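One structure is given here, and the rest of the page talks about it.
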Amino acid sequence: MSKPLLEIWNLCAFYGRAQVLFDVTFRLHPGEVMALVGRNGAGKTTTLKAIMGLVSASAKQATFKGHSLDRLPTYRIARLGLGYVPEDRRIFTDLTVEENLETGRRPAGAGRSPWTPERLFRLFPNLAEMRGRRGNQMSGGEQQMLSIARTLMGNPDAILLDEPSEGIAPVIVQTMAEAVRAMKAEGVAVLLSEQNWAFAAGISDRACVIERGEIRFQGSMAELMADEALRAETLGV
Ligand SMILES: Nc1ncnc2c1ncn2[C@@H]1O[C@H](COP(=O)(O)OP(=O)(O)OP(=O)(O)O)[C@@H](O)[C@H]1O
Ligand SMILES: [Mg+2]
């Protein structure tokens with residue numbers, strides 16, 4: 001297998017005196033979609049936040065494209081090419097779709113064709129139809145798409161998506177799945193935190209199962225699909 005793009009070892013995190021992550025270790029390879037699946041409160045969001053340097057009481061060893069992330073502030077991690085779309089959609093509600101996209105623009109790495117609003121509108125056709133609309137006049141699912149599109153404007157090599165399918169209409173979940181496949185086709189690696197098993201299973205190459213802050217499984221999605229006992233125990237599906 002290719003060299004990992006993002007590698008995390010022994011990530012531990014605490015809120016106050018409560019430890020919520022225990023030696024979380026995994027790798028994300030270039031251009032793959034990996035699901036981080038687990039029940040409510042298992043530690044998915046904390047894992048993504050800690051990777052981005054947003055959990056103060058955490059200790060990790062992590063590299064992205066060979067650079068250590070251990071002591072970098074969040075903005076430097078993002079500038080290395082690691083995009084992050086949190087569960088609470090980060091868009092500017094007073095700005096239009098097009099203006100929101102412009103706020104995310106950053107140069108593409110050497111040899112990569114940059115994302116443009118036009119390319120993103122092909123990926124998210126609903127956004128194309130509302131390019132002049134302000135963020136506060138969009139549904140939750142539309143805001144979620146805009147949040148992802150805005151992150152792609154920064155031309156990341158990998159993107160961390162926290163529950164992109166949560167709280168959005170079924171037809172939009174379908175568009176979201178197509179968008180994740182398209183990102184992968186464009187060479188963007190995706191780490192997808194999800195509780196929606198059907199959505200995650202349909203688009204991911206590999207999976208990590210997290211339970212009470214510990215990684216219980218890491219392997220191919222096909223392997224996890226086949227392991228009914230593990231799924232029932234850790235995911236209830
Ligand atoms: N800011 C916080 N302060 C204290 N405890 C927290 C905080 N955020 C999360 N926790 C606790 O840490 C644990 C992991 O939470 P986390 O949000 O990472 O889980 P999750 O897998 O993302 O869950 P969900 O599927 O509900 O989004 C849970 O027990 C949660 O209650
Ligand atoms: Mg969460």
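The values are calculated or read from the model by the stated rules, or taken from the named source; none is laboratory data. Note that the structure is predicted; figures quoted are calculated from it, not measured. Cβ atoms come from the backbone with ideal geometry, glycine included; neighbour counts cover every protein chain shown.
Details
- Condition check for SER139: more than 20 Å from LEU161 (Cβ to Cβ) and either acidic (Asp, Glu) or surrounded by fewer than 18 Cβ atoms within 10 Å (Cβ to Cβ) (or both): no
- Segment 57-105, residues that are touching a helix residue (DSSP H, G or I) at 6+ places or on another chain (Cβ under 8 Å), under 22 Å from PHE14 (Cβ atoms) and acidic (Asp, Glu): GLU87
- In segment 148-160 there is no residue that is modelled with pLDDT under 90 and more than 13 Å from the chain's Cα centre (by Cα).
- Residues in segment 176-222 that are small (Gly, Ala, Ser), away from ligand 1 (no atom under 16 Å from the Cβ), buried (at least 18 other Cβ atoms within 10 Å of the Cβ) and in contact (Cβ under 8 Å) with a residue 60 or more places away in the chain: ALA189, ALA201, SER204.
- Pairs meeting the criteria (first residue in segment 43-68 and assigned to a strand (DSSP E or B), second residue within 14 Å of ligand 2 (Cβ to nearest atom), beta carbons under 7 Å, at least 6 apart or on different chains) are SER58/ALA13; SER58/ALA50; LYS60/ALA50; ALA62/ILE51.
- A single entry from ALA232, ALA200 fulfils the requirement of being within 30 Å of GLN19 (Cα to Cα), in a helix (DSSP H, G or I), within 16 Å of ligand 2 (Cβ to nearest atom) and not acidic (Asp, Glu): ALA200.
- Per-region count, segment 180-197, residues of a type in the set (Gly, Ala, Ser), modelled with pLDDT under 95 and either within 19 Å of MET225 (Cα to Cα) or not in a loop (DSSP other than H, G, I, E, B) (or both): 2
- Taking the criterion of being in contact with a Ser or Thr (Cβ under 9 Å, 6 or more places away or on another chain) and either in contact (Cβ under 8 Å) with a residue 60 or more places away in the chain or within 16 Å of ligand 2 (Cβ to nearest atom) (or both), the residues of segment 6-25 that qualify are LEU6, LEU11, ALA13, TYR15, VAL20, LEU21, VAL24.
- One residue from ARG76, ARG27, ARG71 being charged (D, E, K, R), away from ligand 1 (no atom under 16 Å from the Cβ) and part of a strand (DSSP E or B): ARG27
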